[in-house]
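The values are calculated or read from the model by the stated rules, or taken from the named source; none is laboratory data. Just so you know, these numbers come straight off a predicted model, no measurement behind them. Note that each Cβ is placed from the backbone with ideal geometry, even for glycine, and that neighbours are counted across all protein chains shown.
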Amino acid sequence: MLKSIRSDALKLVAWLVCSLIIGAALAPFLYHGCKALVQFRVLESMGPPGQWLEGKLDNAHFGRYFNRSMLIGALVCMYPLIRSLKLKKSHLGLQRNIHWKTDFGIGFVLASGILLIFGIIYMQLGIFDATNTFSEKMLLKFLISALAVAVLEEFLFRGLLLGAVMRTARPYYALIFVSFFFALIHFLKPPHNCARLADQDIHYFGTGFWTVGQIFAQFDNPVFIAKGFATLFAVGLVLGWARLRTSSLWLCMGLHAGWVFCIKAYDYHSLAPKKYGHDLILPYIGSDLKEGMIPFCGVFLTGTLASIWLGMRKNKVQLAHNKKLPTN
């Protein structure tokens, strides 16, 4: 019993719960506080930057403030989590990767390439229509965002958290736990009926916690699970496998960056037409490129191709090594 209480997995659960409590309590205060700044034109004295920020705050709905509050809660609780884990570099199980450039590049190409193929097929079938055209500036923005997300999240989930859980659990169990944790964190977003509440419906003490309840209430809906949670769990499994297989984060970061880049670009470029209706094509295809069972299978296809490539590289290295061995 004492061992389970001290376990690193339980510390992660405590971090999540505390982050939810802080985020839920903070969300209404953050919302009304920012709206007050807009109402009293406090930011106009800052010139164009202040006016730009004021426009962003004014247009943002409660769901966006809720997400930012959850992020603040997670960051506040991150320091005590890291201190409690008492991790050393040797605990992470990471090694220097001489193939880091290749691993990152192959991961990026495989992840983005397969999603791109799916996107093209969706377009050809008329499931999605193009709504915006690309520019070099916009693609660069998506690429920078994808790289930032991949580096930060892979260091946190596959570096820090997976390394921590593997100290007290077998790699297989640690992989499943962190993958579920990864999917859950990414799915803690308020549903549509909570995201766009009117000002008078957002109460300082209660609305944030009510929203958390609405989020978890979605998990009794199988369509909701098929729509995205299963795919996120599969992504966590593939990324965790890549980290264990290579003892490095470079392949993970390449895969993660490729997926994020393609999803952001596709979301900007296309929109699901109303004539199909999302319920008609679920659970196979959802409202964007990452929802549905087809992207779910695509994630495992990406992992399979990455595994084949790693096996081919290993055989090539072994063959080159055998040629260098002296013969009798």
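The test for being of a type in the set (Asp, Glu) and closer than 25 Å to Gly292 by Cα holds for Glu153. Considering region 58-113, the residues that are within 30 Å of Trp309 (Cβ to Cβ) and loosely packed, with under 13 Cβ neighbours inside 10 Å include one that is nearest to the chain's Cα centre (by Cα), namely Lys101.
Condition (residue is assigned by TED's automatic domain parsing to the domain that holds Glu291 and farther than 26 Å from Met78 by Cβ) applied to region 156-169: is it met by at least one residue? So far as region 156-169 goes, no, none of its residues is assigned by TED's automatic domain parsing to the domain that holds Glu291 and farther than 26 Å from Met78 by Cβ.
Of the residues in region 116-134, not one is among the hydrophobic types (A, V, I, L, M, F, W, C), assigned by TED's automatic domain parsing to the domain that holds Cys252 and under 16 Å from the mean Cα position of the chain (by Cα). Within region 26-40, residues that are assigned by TED's automatic domain parsing to the domain that holds Ile72 reach partners that are buried (at least 17 other Cβ atoms within 10 Å of the Cβ) and not in a helix (DSSP H, G or I) with beta carbons closer than 8 Å, at six or more positions or on different chains, in the pairs Pro28/Ile202; Tyr31/Ile202; His32/Ile202. Among the residues of region 167-184, is any modelled with pLDDT under 85, over 15 Å from Leu16 (Cβ atoms), among the hydrophobic types (A, V, I, L, M, F, W, C) and out of contact with any His (no Cβ under 8 Å at 6 or more places or on another chain)? Within region 167-184 (the criterion being modelled with pLDDT under 85, over 15 Å from Leu16 (Cβ atoms), among the hydrophobic types (A, V, I, L, M, F, W, C) and out of contact with any His (no Cβ under 8 Å at 6 or more places or on another chain)), the answer is yes, since at least one residue qualifies. Residues that are among the hydroxyl-bearing types (Ser, Thr, Tyr), at negative phi and not in a helix (DSSP H, G or I) occur in region 6-27; there is at least one.
Of the set (1) modelled with pLDDT under 85; (2) surrounded by 18 or more Cβ atoms within 10 Å (Cβ to Cβ); (3) not aliphatic (A, V, I, L, M), all apply to Pro28 but (1). What are the residues in region 233-246 that are within 18 Å of the chain's Cα centre (by Cα) and either more than 20 Å from Val17 (Cα to Cα) or not assigned by TED's automatic domain parsing to the domain that holds Glu154 (or both), if any? Those that are within 18 Å of the chain's Cα centre (by Cα) and either more than 20 Å from Val17 (Cα to Cα) or not assigned by TED's automatic domain parsing to the domain that holds Glu154 (or both): Ala234, Val235, Gly236, Leu237, Val238, Leu239, Gly240, Trp241, Ala242, Arg243. Taken as a whole, the condition of being in a helix (DSSP H, G or I), in the same structural domain as Phe296 (by TED's automatic domain parsing) and not hydrophobic (A, V, I, L, M, F, W, C) applies to Ser145. Of all residues in region 220-233 being touching a helix residue (DSSP H, G or I) at 6+ places or on another chain (Cβ under 8 Å) and modelled with pLDDT of 75 or more, which is nearest to Cys297 (Cα to Cα)? Only one residue fits best here, namely Thr231.
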